[in-house]
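Notes follow once the structure below has been shown.
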Amino acid sequence: MQSLSHPGINSAAARVLDRLGVSALPGAGCCGALAQHLPAMERARETARRNIDTWWPLIENGAEAVLLTATGCAPTVMDYGRLLAGDGAYAERAGRLASMAMDISVFLERNDLEPMRPPMEPAAPIAFHSPCSLQHGLKRPGAVERLLQALGFELTPVADAHLCCGSAGAYSLLQPDIANQLRSRKLNALEAGQPALIATANIGCLQHLQAGTDVEVKHWIELLV
């Protein structure tokens, strides 16, 4: 979904990685997260197998990591080993690939900050929405916020930052009334500090939040280019 609706996110990530001297190779399709949420587990397994078939030649040719720019995708790809544990043809490769997968913020925080700094000094405060997949799925609360602040961004305070925005994978489609209530509460908290824009780390959150506000919502990696 991200590559179709917001292709600039992966393009921005590739540009930041290029400044670090890291080559970003073409990725695969859907990670299978939405199928898992439904749950349509066999469809999720088929998606995982397809991605492994796509990525494996790159790994054999020396790729060192599988970087995900959507925090909703990262826990799923990191779970491929368990998902395909009973598949004799894929289990070993799935486990290795899962061990190489990480959210792009993990990779960036291991590198020198200077090449990552945006070309122009950030001029206006932003509000950051930390997705549930980042805080709870990846267990990285505050990680992107610290990285942005280290790069010179001013972040506005966000009350109850641990709460969901209502996107939650397929939840906003299956339970729109409750999802929209959660979104209204989250946007009230995000907009309380009068930010110039809202940043987040997952395409589902981005689209769900943007549908409820006139404040621009962007993926945080786009702020670095």
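The calculated Kirkwood hydrodynamic radius for the range 136-197 is 13.1 Å, given to one decimal from all distinct C-alpha pairs. Express the relative contact order of the range 117-224 as a whole percentage, based on alpha carbon pairs under 8 Å and six or more residues apart in sequence. After rounding, I find 32 percent. Calculated on C-alpha atoms, the gyration radius of the chain divided by its Kirkwood radius gives an Rg/Rh of 0.97. Averaging the Cα positions of each part gives two centres, and for the range 116-182 and the range 51-92 these lie 25 Å apart. Of VAL77, VAL217, the sequence from fewest to most neighbouring Cβ atoms within 10 angstrom is VAL217, VAL77.
Among THR200, THR156, THR54, rank each residue by its count of other Cβ atoms within 10 Å, from fewest to most, as a rough exposure measure.
THR54, THR156, THR200
Once the Kirkwood radius over Cα pairs is known for the range 8-61, the Stokes-Einstein relation at 10 °C and 1.306 mPa s delivers a diffusion coefficient of 124 µm²/s.
Short-range pairs are left out: with C-alpha atoms under 8 Å and at least six residues apart, the relative contact order of the chain is 21 percent.
Per-residue ellipticity at 222 nm from helix content only, as computed over the chain with -39500 (n - 2.57) for each DSSP H run of at least four residues, stands at -12000 deg cm²/dmol. Spacing of the modelled spin labels on ASP53 and ALA211, each 7 Å from Cα toward Cβ, amounts to 3.2 nm. Once R0 is set to 25 Å, what does the formula 1/(1 + (r/R0)^6) return for the Cβ-Cβ distance between ALA124 and LEU4, expressed as a FRET efficiency to the nearest 0.05? Plugging the Cβ-Cβ distance into 1/(1 + (r/R0)^6) gives 0.30. Averaging 1/r over every pair of different alpha carbons in the range 2-108 and inverting the result gives a Kirkwood radius of 14.2 Å.
Report, as a whole number in µm² per second, the diffusion coefficient that Stokes-Einstein gives for the range 97-173 at 37 °C and 0.692 mPa s using the Kirkwood radius over alpha carbon pairs. The estimated diffusion coefficient comes to 230 µm²/s.
I need the shape label for the range 53-128. Rule: rounded when a/c is under 1.5, else prolate if a/b > b/c, else oblate, with a, b, c from the alpha carbon gyration tensor. Taking the square roots of the gyration eigenvalues as a ≥ b ≥ c, the range 53-128 is prolate.
Summing Cβ point charges (Lys, Arg +1; Asp, Glu -1) relative to the Cα centre of the chain gives a dipole of roughly 340 debye. Taking each residue as 0.36 nm, the span from SER23 to ALA89 lengthens on full extension beyond its C-alpha to C-alpha distance by 20.8 nm.
Just so you know, all these numbers are worked out from the coordinates, no wet-lab data involved. Just so it is clear, the model here is predicted, and its values are computed rather than measured. Glycine gets a Cβ as well: all are built from the backbone with ideal geometry, and neighbour counts include every protein chain shown.
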